[in-house]
Amino acid sequence: MVVMTSSFPLNSGFREKIQGSSARERGRTNKLSSEFAIYVHIPFCMRKCPYCDFVSRTVDRSQRFQYLEALSHEIANSPWHDSRAGTLFVGGGTPSELTGDEIEKVAEALSTTFSFAPDAEWTIECNPGTVSPPSCDRLLELGFNRVSIGVQSFDDRQLTRLGRIHSSQDAIETYQLFRDAGFENINLDLIFGVPGQTSEEWLSDLETAIHLHPEHLSLYSLTIEPGTEFGRLRDQGLLELADQDLMGDMYEVAMDTTDRAGYQHYEISNFSLPGFECEHSFFYWSNSWYLGFGIAAASYVGGRRWTSTDNWEEYLRGAAKGSVPKASEERLEPRKAMAEEAILRLRTSSGIVASELSDKYACDFDESFGDSVDFLTQHGLLDLTDSSIRLTRKGKLLFTEVWAEFLRAEP
Ligand code: SF4
C-alpha cells in the first residue's frame with residue numbers, strides 16, 4: 001500500500017471537529033471489522049460526452065438540490081455508521097461542478113457518519129474549466145488531498161472529437177490552479193486510440209502531461225460502449241476506430257515514455273511517481289470492502305456485492321426513506337471471489353501470491369487455475385516465480401487474453 005508523503009492541517013481539523021460532535025451525539029455503533037473505501041457518485045455533467053456510459057446527466061438547480069439532499073440522507077442512514085473508512089473518492093459525473101457549500105454538505109454527511117484517519121486519502125474528480133482559486137482552496141479546507149483531472153488530451157482537435165467542453169489550455173490552467181492552491185497529489189486522466197489519432201500525437205499528449213509533472217497518470221484506451229453516441233456511430237459504420245496494432249503501439253509508447261520520466265507502471269492503466277499510487281483503487285484491486293453512495297453506486301461488503309438503482313426518481317424516493325433500491329445484488333462464492341481477485345491483482349505490478357489467495361478463500365488456487373497459469377506462462381504472458389505470478393510486458397499488451405483464460409478456467 002501507499003505511504004502518503006503529505007498531510008494537510010486544515011484537512012484533519014475539519015474532520016476532527018465534525019467527527020467529535022458526531023460520536024457524542026449518536027452514541028451508537030455498528031462497525032465494519034476492517035477498513036473500507038467510500039465512493040460517492042455525483043452524476044452531473046454540463047454536456048454528455050459521446051463516448052461516456054457513466055451514469056451522468058445535465059440537471060437544473062432544483063434537481064441538483066434534490067439529489068444532494070437524497071445523497072446526504074443516504075450517507076447519514078448507512079447501516080455501517082461509525083466505521084472507519086480508509087479512503088474517499090468523489091467521482092462522477094463532474095463533482096467539480098458543485099459549489100463549495102454543496103461539497104461541504106456531502107463532506108459533512110460523510111464525516112459525521114464515518115471516521116477517517118487524519119491523513120486518509122480524499123480524492124475528488126474535476127474537469128478542466130470548472131474550478132476557480134477559491135474553490136480549490138475550499139476543497140483543501142474540506143479535507144481533499146488528491147485531485148483527479150479529466151484532461152483526456154492536450155490536443156484541441158482530439159478534445160473536439162471526444163466532445164469535451166474544454167480546451168487544452170483550460171486543462172493546463174486547471175492543473176496550475178490546484179498546484180498553486182497547495183495540492184501535492186494530482187492525477188491526470190488521458191485517453192488514447194481516439195478516432196484519427198496517430199502514435200505521434202499520443203506521444204505529444206504524454207510529453208505535455210509529463211512536462212507538468214503530475215504525481216499520477218491514468219492512461220486509458222478508448223473503448224466504445226453500446227448505447228453511447230460513439231457506439232451508435234460505430235454501428236452505422238461512421239466511426240473509424242484505431243486498429244489493435246495501433247492501440248498496442250500507443251500502449252507501448254505510454255509504457256516507455258512514462259518509464260523514462262520516472263513513473264512506475266504499477267497497474268495496467270496507472271502510472272505514478274514513487275509513493276503516489278492511488279490508495280483508493282487498491283481497495284478494489286485487492287477485493288477489499290467498499291461502500292458506494294449515490295445513484296448507480298456499487299458496494300461490496302462481506303462477500304455480498306450490489307449496485308444501487310440507476311433510475312433517478314427511484315433513487316431520490318429510496319434515499320429519502322433511508323433505503324435505496326438495488327439494481328443488482330449477488331453473493332460471491334469463494335471460488336468466484338478468488339478468481340476475481342486473481343484477475344484484479346494480476347493487473348497490478350505485485351501480481352498474485354497463490355498461497356495468499358488459497359488461504360484467504362480456503363480454496364486451492366493451483367487446483368482451479370494452475371493449468372491456466374502454466375498455459376499463459378508457456379505463451380509468454382505470465383512470469384511465474386517461486387513467490388509470485390505477474391504479467392509480462394506481452395501479458396500487459398494482451399491482458400484481455402489473460403482475463404479470458406481465467407474466466408474460462410473459473411469453476
Ligand atoms: S465529463 Fe466525464 S462523466 Fe461527464 S459525460 Fe463526459 S466523460 Fe462522462
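The values are calculated or read from the model by the stated rules, or taken from the named source; none is laboratory data. Keep in mind it's a predicted model, so treat the numbers as computed, not measured. Positions of Cβ are generated from backbone atoms using ideal geometry, with glycine treated the same way; all protein chains shown enter the neighbour counts.
Remarks
- Inside region 54-80, residues that are touching a Gly at 6+ places or on another chain (Cβ under 6 Å) and either within 16 Å of the ligand (Cβ to nearest atom) or of a type in the set (A, V, I, L, M, F, W, C) (or both) make up a count of 2.
- In region 36-53, of all residues being within 16 Å of the ligand (Cβ to nearest atom), among the aliphatic types (A, V, I, L, M) and touching a Ser or Thr at 6+ places or on another chain (Cβ under 9 Å), the one that is farthest from PHE116 (Cα to Cα) corresponds to MET46.
- Some residue of region 216-224 being in a loop (DSSP other than H, G, I, E, B) and among the aliphatic types (A, V, I, L, M): yes
- Scanning region 169-186 for residues that are surrounded by fewer than 23 Cβ atoms within 10 Å (Cβ to Cβ) and within 16 Å of the ligand (Cβ to nearest atom) gives a single hit, ASP170.
- Residue ranges of helices (runs of 4 or more DSSP H) in region 40-142 with at least 2 members within 30 Å of GLY227 (Cα to Cα) and without any contact (Cβ under 8 Å) to a residue 60 or more places away in the chain: 61-76
- Candidates are the residues of region 187-217 that are surrounded by fewer than 21 Cβ atoms within 10 Å (Cβ to Cβ) and of a type in the set (Val, Ile, Thr); the one that is farthest from PHE276 (Cα to Cα) is THR198.
- Region 359-411, residues that are more than 24 Å from MET255 (Cα to Cα) and small (Gly, Ala, Ser): ALA362, SER368, GLY370, SER372, SER387, ALA409
- Of SER328, SER368, SER355, all but one fail to be modelled with pLDDT of 95 or more and farther than 30 Å from SER308 by Cβ; the exception is SER355.
- Within region 154-168, tally of residues that are within 11 Å of the ligand (Cβ to nearest atom) and touching a residue at least 40 places away in the same chain (Cβ under 8 Å): 4
- Residues of region 137-153 that are within 16 Å of the ligand (Cβ to nearest atom) and in contact with a Ser or Thr (Cβ under 9 Å, 6 or more places away or on another chain): VAL147, SER148, ILE149, GLY150, VAL151, SER153.
- Residue check for ARG317: within 23 Å of CYS278 (Cα to Cα) and at pLDDT 95 or above: no
- Complete set of residues in region 109-125 that are under 24 Å from GLN66 (Cα atoms) and either surrounded by fewer than 18 Cβ atoms within 10 Å (Cβ to Cβ) or touching a Cys at 6+ places or on another chain (Cβ under 9 Å) (or both): THR123
- Residue under evaluation PRO118, criteria (1) modelled with pLDDT of 95 or more; (2) more than 19 Å from the chain's Cα centre (by Cα); (3) farther than 30 Å from PHE154 by Cβ, criterion not met: (1)
- Among the candidates SER372, SER355, residue that is on the phi < 0 side of the Ramachandran plot and free of Cβ contacts under 8 Å to residues at least 12 places away in the same chain: SER355
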